[in-house]
Amino acid sequence: MFYAKSIAVVGASADPTKLGHTILKNLIDGGFKGDVYPINPKADEILGKKVYRSLVEIECEVDLAVIVVPSKFVPSVLEDAGKKGIKNVVIITGGFREIGKEGEKLENKLLEIAKKYGIRIVGPNCQGINNTHNNMCASWPLITKKGKIAIISQSGTVAAAFADWLEMENFGFSCFVSLGNKSDVNEVDLIEFFGKDENTKVISLYIEGVKDGRAFMDVAKKCEKPVVVLKPGITERGKKAVESHTKSIAGKDEVFEAACKQTGIVRARDFEEFYDFSKALAYLPKLDGNKVLIVTSSGGAAILAIDVLEKNGFDVIYTPEELKEKLKGVTPDHAILDNPIDLTGDANAEMYKNVIELSKDYVDAILVIFGDPIEGASKMIEQCWRGKPIVVCYTGGSEVERREKAKMQSNGIPVFPTPERAAKAMVALRWYGE
Amino acid sequence: MVNRDNVKEIIKRALEENRFPTEAECRVVLKEYNIPVLDYGVAHSENEALEIAKKFGYPVVLKMLNAKGLHKSEVNGVRLDVRSDDEVIKHFNELKSEWGVLISPMVRGLELFVGAFQDEQFGVVLSFGTGGKYVEVYKDVSFRIAPFDEREAIKMIDETKVSKILRGYREKPKNLNAIVDLLLKLSNLMLENQEIKEIDLNPTFAFDDRIAVADARFIL
């Protein structure tokens, strides 16, 4: 499916406003190395590619078919795929289970056909798949930046926004999977697959529900990579006449929360955490322990971070006297050497570097806050970037910040825009480390 | 050893009669699983009631028995701190039903909540927290999906506020192992008897060295 060498786009179109055009174009423009076969009974050539009338007409082997035709035609296309020996299918088309009884019947028909031929289906009603490491954007928008995070999402928009942010921040992603109706391939299959995928370091999952709770727990427990989950809670359900206390206080969400805790899943509370946690776990080293030192140029920003850290079980240590003595030699006279180490407004990159190097052995992680336009921050961080986690927040640095941040992130060093978000990212590292 | 036949029989009978087990039946099931239950007796007459009360010594508690899964306290079915023969007779007559009346010694201890239910998605879920009739108000409860081990049970306990009291806030620490043991046994009970949909053991008392279930309710 994700490492297909040849792809057919069924419902490929010459009309640039149609999805059947966008997907074909994204495959081509994204630099897919294998063969691409547009299928359309009424065209001869689209985007310079020879068009076939149906899947069965293609002479060569096809690994993956992406289907964009109206829902009523999907069953016969799937039959063709089966006859052609295609084992992997992505159905973009909507109008199935999500629209009610009729749609459900049609979707069940697809499953029957798939079962007969041993076809695996992603979708229907989805936004496709994109494996950057296979240059395979069978989706939209076109994103080609290779990264380490696999995005699996029941919402096309959540996935697309997530992917977009990762590209904007120069991280990219490994793979994007829009689950759609999850008629066949679901979160359990994908956690298992990406758990073994060498290009993926973190699996980020947006789901509205799980199909099989036990299977989900089993696969999450076995997965050796961080799994970050965003799942909206479900509000109070109707009460039964006879109900135990235990059930009335246990919403679905509490049960899901327990499942996460027991399997080591890192649960994000909102979209922002979902993004930040994924970024942190993919690009920061493992965190062992809870002792933190904060190096900052702004006292206020550091206090905001301390609140989050302390609330979540971190120990923002008092600077040991021995370390204080060492720091005196490399910091200005008016710097505050209690943790947070406040270098104040005239901090420069060199001071940060010296403090970080001297402090590393005393704590498990360092939170670095650039609270002013500090030039050379990126170069300095790169030099210190080894061993224990250094979580970076750059804020209030305008032009310089934007430039330095871009540099750091293109080198795989995550930068967070607020002290709280940086602190929370550290909390996520700790959760996973436990 | 768990006498599974006895347990299955109690559940089967209740299901056949289209009712829930009475608290007395629930207690028998719990005891079969070696779950510590507060002393009790079931009286079917005034004389039996007086005998049981005498055995425990005053004060005692009298509780209505029913097979409808009612919250007893909501229907005034629990009489606490009963201190004389006259009071026993009066309350016995007000509470009596075909199932008799349950009598226990009146004890004081830290009130805990222990529960379990079948979840459609994840199977058996256990819950633990602050007990008493305001469980829903305090919502100091943590959850785990069964089966789980002792380590996970301790994590589960430590997620609650009441764990701080159990671990010795302003008084002697309580026996945490007894609670872990109860959670593991209750999880077994649920896993082996899928006909039971929900269980409330509320309150379960924590004393310094042991715990005891003081009220039990099963929903089938």
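The values are calculated or read from the model by the stated rules, or taken from the named source; none is laboratory data. Bear in mind the structure is a predicted one, so any value in this text is a computation, not a measurement. Cβ coordinates were reconstructed from backbone atoms using ideal geometry, including for glycine residues, and neighbour counts include every protein chain displayed.
For the stretch B:113-135, the condition holds for no residue, the condition being that it is in a helix (DSSP H, G or I), out of contact with any helix residue (DSSP H, G or I) (no Cβ under 7 Å at 6 or more places or on another chain) and either polar (S, T, N, Q) or on the phi < 0 side of the Ramachandran plot (or both).
Residues of the stretch B:1-44 that are within 14 Å of chain A (Cβ to nearest Cβ) and among the hydrophobic types (A, V, I, L, M, F, W, C): B:ALA14, B:PHE20, B:CYS26.
Only one of the numbered conditions (1) in a helix (DSSP H, G or I); (2) surrounded by fewer than 20 Cβ atoms within 10 Å (Cβ to Cβ) is not met by A:LEU27, and that is (2).
Condition check ((1) within 14 Å of chain B (Cβ to nearest Cβ); (2) modelled with pLDDT of 90 or more) across all residues:
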| position | (1), (2) |
| --- | --- |
| A:ILE234 | yes, no |
| A:GLU254 | yes, no |
| A:ALA268 | no, yes |
| A:PHE271 | no, yes |
| A:PHE277 | no, yes |
| A:LEU281 | no, yes |
| A:GLY299 | no, no |
| A:TYR318 | no, yes |
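Filtering A:LYS83, A:LYS33 for residues that are of a type in the set (D, E, K, R), in contact (Cβ under 8 Å) with a residue 24 or more places away in the chain and either assigned to a loop (DSSP other than H, G, I, E, B) or in the same structural domain as A:PHE193 (by TED's automatic domain parsing) (or both) leaves a single hit, A:LYS33. With respect to A:VAL74, is the statement that it is assigned to a strand (DSSP E or B), touching a helix residue (DSSP H, G or I) at 6+ places or on another chain (Cβ under 8 Å) and buried (at least 20 other Cβ atoms within 10 Å of the Cβ) true? So A:VAL74 does not fit the description; no. Across the stretch A:168-182, the qualifying residues are those that are over 19 Å from A:LYS201 (Cα atoms) and in contact with a Lys or Arg (Cβ under 7 Å, 6 or more places away or on another chain), and the one among them that is surrounded by the most Cβ atoms within 10 Å (Cβ to Cβ) is A:LYS182.
If you go through the stretch B:200-220 and keep only what is basic (Lys, Arg) and away from every other protein chain (no Cβ under 11 Å), you end up with just B:ARG210. Taking the criterion of being more than 21 Å from A:VAL69 (Cα to Cα) and surrounded by fewer than 20 Cβ atoms within 10 Å (Cβ to Cβ), the residues of the stretch A:135-153 that qualify are A:ASN135, A:THR144, A:LYS145, A:LYS146. The single condition from (1) assigned to a loop (DSSP other than H, G, I, E, B); (2) under 28 Å from A:PRO414 (Cβ atoms) that A:ILE151 fails is (1). If you go through the stretch B:71-108 and keep only what is on the phi > 0 side of the Ramachandran plot and crowded, with 18+ Cβ neighbours inside 10 Å, you end up with just B:GLY100. Identification of strands (runs of 3 or more DSSP E) wholly contained in the stretch B:1-91 with 1 or more residues that are without any contact (Cβ under 8 Å) to a residue 24 or more places away in the chain yields B:78-82. Residue-level analysis places A:GLU187 among those that are buried (at least 21 other Cβ atoms within 10 Å of the Cβ), modelled with pLDDT under 95 and acidic (Asp, Glu). Just to be sure, is B:VAL107 under 19 Å from the mean Cα position of the chain (by Cα), in a loop (DSSP other than H, G, I, E, B) and under 30 Å from B:ARG167 (Cβ atoms)? Yes; evaluated as a whole, the condition is true for this residue.
The C-beta contact set for the stretch B:114-131 (first residue more than 7 Å from chain A (Cβ to nearest Cβ), second residue crowded, with 24+ Cβ neighbours inside 10 Å and hydroxyl-bearing (Ser, Thr, Tyr), distance under 6 angstrom, 6+ apart or interchain) comprises B:VAL114/B:THR204.
Screening B:HIS71, B:HIS44 for residues that are within 19 Å of the chain's Cα centre (by Cα) and not aliphatic (A, V, I, L, M) leaves exactly one candidate, B:HIS71. B:GLU195 falls short on exactly one of the conditions (1) under 18 Å from B:PHE113 (Cβ atoms); (2) in contact with a helix residue (DSSP H, G or I) (Cβ under 6 Å, 6 or more places away or on another chain); (3) in a loop (DSSP other than H, G, I, E, B), and that condition is (1).
Just one residue in the set B:LEU184, B:LEU166 is more than 14 Å from chain A (Cβ to nearest Cβ), farther than 22 Å from B:VAL29 by Cα and not β-branched (Val, Ile, Thr); that residue is B:LEU166.
From the list B:LYS139, B:LYS155, B:LYS197, which one is among the charged types (D, E, K, R), within 17 Å of the chain's Cα centre (by Cα) and within 12 Å of chain A (Cβ to nearest Cβ)?
The match here is B:LYS197.
Whether a residue is touching a Phe, Trp or Tyr at 6+ places or on another chain (Cβ under 6 Å), part of a helix (DSSP H, G or I), small (Gly, Ala, Ser) and not assigned by TED's automatic domain parsing to the domain that holds A:GLY94 was assessed, and A:ALA220 does not pass this test. A:ALA305: touching a strand residue (DSSP E or B) at 6+ places or on another chain (Cβ under 7 Å), crowded, with 23+ Cβ neighbours inside 10 Å and not assigned by TED's automatic domain parsing to the domain that holds A:GLY172, yes or no? Against the criterion (touching a strand residue (DSSP E or B) at 6+ places or on another chain (Cβ under 7 Å), crowded, with 23+ Cβ neighbours inside 10 Å and not assigned by TED's automatic domain parsing to the domain that holds A:GLY172), A:ALA305 qualifies. Applying the condition of being buried (at least 22 other Cβ atoms within 10 Å of the Cβ) and modelled with pLDDT of 95 or more to the stretch A:191-215 and asking which residue is farthest from the other protein chains (Cβ to nearest Cβ) yields A:THR200.
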